[in-house]
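Have a look at the structure below, then the notes.
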Amino acid sequence: MRNLLLRTLIECVMRTISFSVENEGPINRLIADRLPFVLVFWHGSMTFPWWRMRRTNSAALVSHSKDGQILADLLRSWGYTVLRGSSSRGSKEAMGAMRGAVRNGHVLCVTPDGPRGPYHEMKMGAVRVAQTMKVPLVMVTVGYRRYRRLKSWDLFEIPFPFTHARVIYSDPLTINPELTGMELEEERLLLEKALHAQYRSAVLDVT
């Protein structure tokens with residue numbers, strides 16, 4: 001019952017929001033062609049991406065926490081294949097599950113600063129999956145004109161009904177398979193910086 005109420009509430013609110021979406025063409029083509037890729041978005045802004053990717057043959061990495069169980073139940077109701085694990089606990093098992101999902105043709109959705117932060121710090125997991133499985137990595141950010149920000153570690157954003165939102169997708173990015181060690185870490189930092197900039201653009205320029 002709780003899951004049904006949560007899903008209904010999110011779907012009702014999302015359908016009232018006016019979305020301005022930029023650079024959605026590449027991701028739509030990947031989905032239409034049923035090609036696997038890795039989609040990353042910040043933990044505090046995850047409501048829209050989870051809702052957007054429902055019923056698109058997507059898989060999601062969700063923590064084993066109590067809050068993770070609530071999210072896992074919601075995502076399953078939206079047709080997701082749910083992988084349990086995190087980058088902070090059981091990372092080897094989580095990496096194997098993520099690679100398996102991509103190998104099976106799923107879109108892999110990951111909050112790279114989850115499940116416990118630090119805030120807006122991209123961990124290596126999603127980058128390594130995209131690199132080793134040789135699939136594109138796409139970043140998505142959303143900015144709401146009116147929303148409530150919680151005092152949680154991720155500063156979770158709850159959009160108000162009937163607000164306006166700006167959504168930005170990056171181009172599909174290829175991670176050089178030859179990068180290792182410090183070179184791969186430098187690539188991760190560049191991606192993190194790009195995701196920060198994309199988020200600021202979505203938040204500051206929403207009209």
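Some observations on this one:
Table: residues versus (1) closer than 25 Å to Tyr199 by Cα; (2) within 11 Å of the chain's Cα centre (by Cα); (3) of a type outside the set (Gly, Ala, Ser).
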| residue | (1), (2), (3) |
| --- | --- |
| Val40 | yes, yes, yes |
| His43 | yes, yes, yes |
| Ala59 | yes, yes, no |
| Gln69 | no, no, yes |
| Asp73 | no, no, yes |
| Arg84 | no, no, yes |
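- The residue of region 139-179 that is farthest from Val110 (Cα to Cα), among those that are assigned to a loop (DSSP other than H, G, I, E, B) and small (Gly, Ala, Ser), is Ser152.
- Flag if Gly114 is within 17 Å of Ser65 (Cα to Cα), surrounded by 17 or more Cβ atoms within 10 Å (Cβ to Cβ), in contact (Cβ under 8 Å) with a residue 12 or more places away in the chain and in contact with a helix residue (DSSP H, G or I) (Cβ under 6 Å, 6 or more places away or on another chain): yes
- For region 187-207, the set of residues classified as closer than 18 Å to Pro49 by Cβ and in contact with a Lys or Arg (Cβ under 7 Å, 6 or more places away or on another chain) consists of Ala202, Val206, listed by residue number.
This table checks each residue for (1) at pLDDT 95 or above; (2) more than 22 Å from Val142 (Cβ to Cβ); (3) of a type outside the set (Val, Ile, Thr).
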{"position": "His64", "(1), (2), (3)": "no, yes, yes"}
{"position": "Leu75", "(1), (2), (3)": "yes, no, yes"}
{"position": "Arg99", "(1), (2), (3)": "yes, yes, yes"}
{"position": "Leu108", "(1), (2), (3)": "yes, no, yes"}
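- Remark: Ala165 matches the filter, which requires a residue to be within 22 Å of Thr47 (Cα to Cα) and hydrophobic (A, V, I, L, M, F, W, C).
- Pairing residues of region 173-184 that are in contact (Cβ under 8 Å) with a residue 60 or more places away in the chain and surrounded by 11 or more Cβ atoms within 10 Å (Cβ to Cβ) with residues that are assigned to a loop (DSSP other than H, G, I, E, B) and not hydroxyl-bearing (Ser, Thr, Tyr), at Cβ distances under 9 Å and at least 6 apart in sequence or on separate chains, gives Leu184/Met124; Leu184/Ile175; Leu184/Asn176.
- Of the set (1) exposed (fewer than 14 other Cβ atoms within 10 Å of the Cβ); (2) over 23 Å from Arg99 (Cβ atoms); (3) of a type in the set (Gly, Ala, Ser), all apply to Gly143 but (1).
- Any hit, region 160-168, residues being closer than 29 Å to Ala101 by Cα, modelled with pLDDT of 95 or more and aromatic (Phe, Trp, Tyr): no
- Of all the residues in region 12-24, those that are within 15 Å of Met46 (Cα to Cα) and out of contact with any Lys or Arg (no Cβ under 9 Å at 6 or more places or on another chain) number 1.
- The lone criterion from (1) at pLDDT 95 or above; (2) surrounded by 12 or more Cβ atoms within 10 Å (Cβ to Cβ) left unmet by Leu189 is number (2).
The values are calculated or read from the model by the stated rules, or taken from the named source; none is laboratory data. Everything numeric in this text was worked out from a predicted model, so none of it was measured. Cβ sites come from the backbone with ideal geometry, for glycine too, and all protein chains shown count toward neighbours.
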